[in-house]
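This report concerns only the one structure given below.
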Amino acid sequence: MRWLTQTWVLLRKDLLVELRTREIVYSAVLFALVMVTVFMFSGFESAQMARGAAPGVLWVCAAFVGALVFGRTFQREREERALQAVLMVGDVMDALFTAKLLVNLILMALVMGVLLPVVTVTFRVTWTDVPQLLAALSLGVGGFVIMGTVLGAALAAVRLREVLLPIVLYPLCIPLLISGVRATSDLMRPDPQIGGWLGIMVAFDALFLVLGRWLFQEAVDAVGGSEGET
């Protein structure tokens, strides 16, 4: 199938570049660890208060790290006008969207794989249902990645993209982030009930995916046109 082949080629290219440079993973993980360290010395009055703040710390770190990741992955396509070469293939938009989405998901999964244990140990958190915790993180981070991928493409040609990306991304994802924080907080209790919060995240993920694919094409066409004019 042509779409799968194109997706694999683009995904493999991005993963090989990251494997050789490791610039995104290293910077994202280091940034996340610095943020956790700052929160750790924020002066919580008790261990219980620190544990109560752990879900917020986890999602705030994920949000800031996400903006760092999304702003860089699509920027590689603009180097040496590589995006124009990709678009010349034809019928490649679905593959490009899927590949960029998967790259961001993989990078965020690696970061969260480090961030979650660090927050758990640092704030001495006990999760009552690990499978539901992983489901909540997957749905929350997944929707965040979808919107971040689209906005990363839309702002790739803007000089102040590092500043504008979080300004635009965070307000759009507030319901998703709040649902993630509430679901994660409930999972620290003996009998968590997070079905409602998971439902909200599923709805936003579906909405972001449908709208994101359409907006991604508009964004890439605009960025490709701006490259052609320069």
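The values are calculated or read from the model by the stated rules, or taken from the named source; none is laboratory data. Predicted model, so just to flag it, every value in this text is computed and none were measured. Every residue, glycine among them, receives a Cβ derived from its backbone with ideal geometry; neighbour counts consider all protein chains shown.
The table below lists the values:
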{"item": "Condition check for residue 211: at pLDDT below 95, out of contact with any strand residue (DSSP E or B) (no Cβ under 6 Å at 6 or more places or on another chain), crowded, with 19+ Cβ neighbours inside 10 Å and within 27 Å of residue 11 (Cα to Cα)", "result": "no"}
{"item": "Condition check for residue 154: within 23 Å of residue 36 (Cα to Cα) and surrounded by fewer than 23 Cβ atoms within 10 Å (Cβ to Cβ)", "result": "no"}
{"item": "Residue among 183, 219, 135 that alone is of a type in the set (A, V, I, L, M, F, W, C), in contact (Cβ under 8 Å) with a residue 24 or more places away in the chain and under 18 Å from residue 103 (Cβ atoms)", "result": "219"}
{"item": "Helices (runs of 4 or more DSSP H) wholly inside the range 1-105 that include at least 1 residues being at pLDDT 85 or above", "result": "2-21, 23-40, 47-73"}
{"item": "Top-ranked residue of the range 115-170 - restricted to ones that are among the charged types (D, E, K, R) and part of a loop (DSSP other than H, G, I, E, B), ranked as farthest from residue 195 (Cα to Cα)", "result": "159"}
